[in-house]
Each structure stands twice: as structure tokens, then as C-alpha cells.
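Nothing in this text is a laboratory measurement; each read-out follows from the coordinates by a stated rule. As the structure is a prediction and not an experimental result, all values here were calculated from the model. For neighbour counting, all protein chains shown are included, and Cβ atoms are generated from backbone atoms with ideal geometry for every residue, glycine included.
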Amino acid sequence: DNEAVQVAQPLPAPMTPSKAQREAHEFNHLLYRSWCPHCVPARRSNSQHRRSSSSNRTLPLLVADDCQLKDTDDGIEGVTILVARCYPARALLATVVDAKGPDDNAVARVANFIRDSGYSKMVYRTDQEASIRSLFEEAFRKSQRQGSLYNARLEQFTPEASAVGESQSNGKAENAVQRVEDLVRTYKAALESRLKCKVPIGHPIMRWMVEHAASLYNRYVTNEDGATPFEVLHGQRFRGKIAEFGEQCLYFVPKKLRAK
């Protein structure tokens, strides 16, 4: 008698048409009708994915997706990029991977990303692509092992798959991919302008550029609360100095590392 339950949201019930309405509709089916047993499976669009606030979650959320960067005019196969984003900090991870699935470099980068988030429990969401799921699971296992990637506070890593055929249900990951693509495209154009030559999409410098894009985003782009992802995770603003990507600059060796 003392038990309580949350109210469930039932499926909407279609209206019951009159005989005349049904006959008029079945003549040509030009207008979609939610009560028609032929229109619903054949013509109904996917349910709307309304924007929801990540603050409603009780656990941090990690989303990921991959994409390909390519130059449309050179015919060369593009490079595959893994993009992940951690909420509520909204921190970005972007790295070039040589192969889908638990690629060694991608596993190390994701494991380090999970460790640096500082969260002890986390939910991860993918679009049910087996390669990303296996990569996340391996990264989670590696982040719990002793060594440079060890995180003693990490206790739980729970999967939450998006609906099959509903790419928009993983919209947070798609939004992160779009941001990285836009930044990399901009940095590549700026570098080519400075060098006065074309940079092939497969050039090793693209690996640095992808990481650079995510790094700058985390350090300087503010969230709705006015704090950057770096501030949310580290409790202070980033105060380091940076240079434009590809800029030539002088550097010094710290005294304790200099030869006598």
C-alpha cells in the first residue's frame, strides 16, 4: 500500500473515422491519416526528437560518432575521425583513427578522455554501431587498469543505445561532429592560405589539426552558463598561451633540461 509509481505516458490513440471518411481516404490515400493501417507503416515520419536539457540527467553522458574528412576535388580517400563529447561539461574529443573499432590510438585517447573527466559514473550512447560500442568498452576497461590511464574513482560505465534507424536520437553526437568538421575545415583553409599550397587530406598534419580543433574548443568556447568545458572540468580558466595552427615560432629549453 505504501508503494508509489511514476506516471507512464501512453501511446496516442488515433481518432475513429466515420464510414464516409474512411471510404473517401481509401480511394487515393493522398493525405496521411494516423488511423489508416496502410498510411502509418508506409508513410509516417520518425517521431520528433525534442531538445532536452542534459542537466535533467543524474549521470554524465558520453556520446560519440565518427565521420570522414575528404577533399572533393582530389579523389583521394578521406581520413576517419572519431568525435566524442561529454555532458554536462560539453568537452570535445576528436582524433583520427586508422580503422573502425578498438584502434589502439583511439582506445588510448578515449580512455584518457574518460579519466580526465573526473566522473566516477558515466552513461555512454552510440547509434548502435558495433565498432564504436566495442571501442568504448575497451577504453573503459583500459581506463580502470593500473598505469598512466588508471582512474580509481571510475565505478560504472552504462550503455544507452539510440533507437535503430533514428539517427537524430544521437543528435548530440552529430552536433559535435559538425562542430569539429567546421573548425577543421576553417583551420585547413587558413593553413593553406599561409603556405600558399594545397594540404592533402591524408597528410600527417591533419592528425594534429583535428586534435587542435577539439583542444581549442574545450579551452575557449563557453557553454550556456558562461563557462568553458575546461573550466567545468578543472575549476579554472585556461591560462596558457597559444599560437595559430602551423605558425612558426621560437621556443626555449627549460634550464634543467639544457646541456651544460
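Structural remarks
- With a Förster radius of 35 Å applied to the beta-carbon distance between LEU195 and PHE238, the computed FRET efficiency rounds to 0.80.
- Distance in nm between pseudo-label sites at GLN9 and ALA42 (7 Å out along the Cβ direction from Cα): 3.0
- Unit Cα scatterers, Debye sum, the range 74-123: log10 I(q)/I(0) for q = 0.13, 0.20, 0.31 Å⁻¹: -0.36, -0.72, -1.23
- Unit charges at the beta carbon, dipole of the range 218-260: most positive-side option, ALA243, TYR220, LEU233: ALA243
- Modelled FRET efficiency - R0 51 Å, GLU211 with GLU26, Cβ distances, 0.05 increments: 0.30
- Separation of the range 84-128 from the range 171-199 is 20 Å, based on Cα centroids.
- Using a Förster distance of 41 Å, the FRET efficiency for LYS100-TRP35 (Cβ separation, nearest 0.05): 0.40
- The largest-to-smallest principal axis extents of the Cα set in the range 180-260 are 46, 41, 18 Å.
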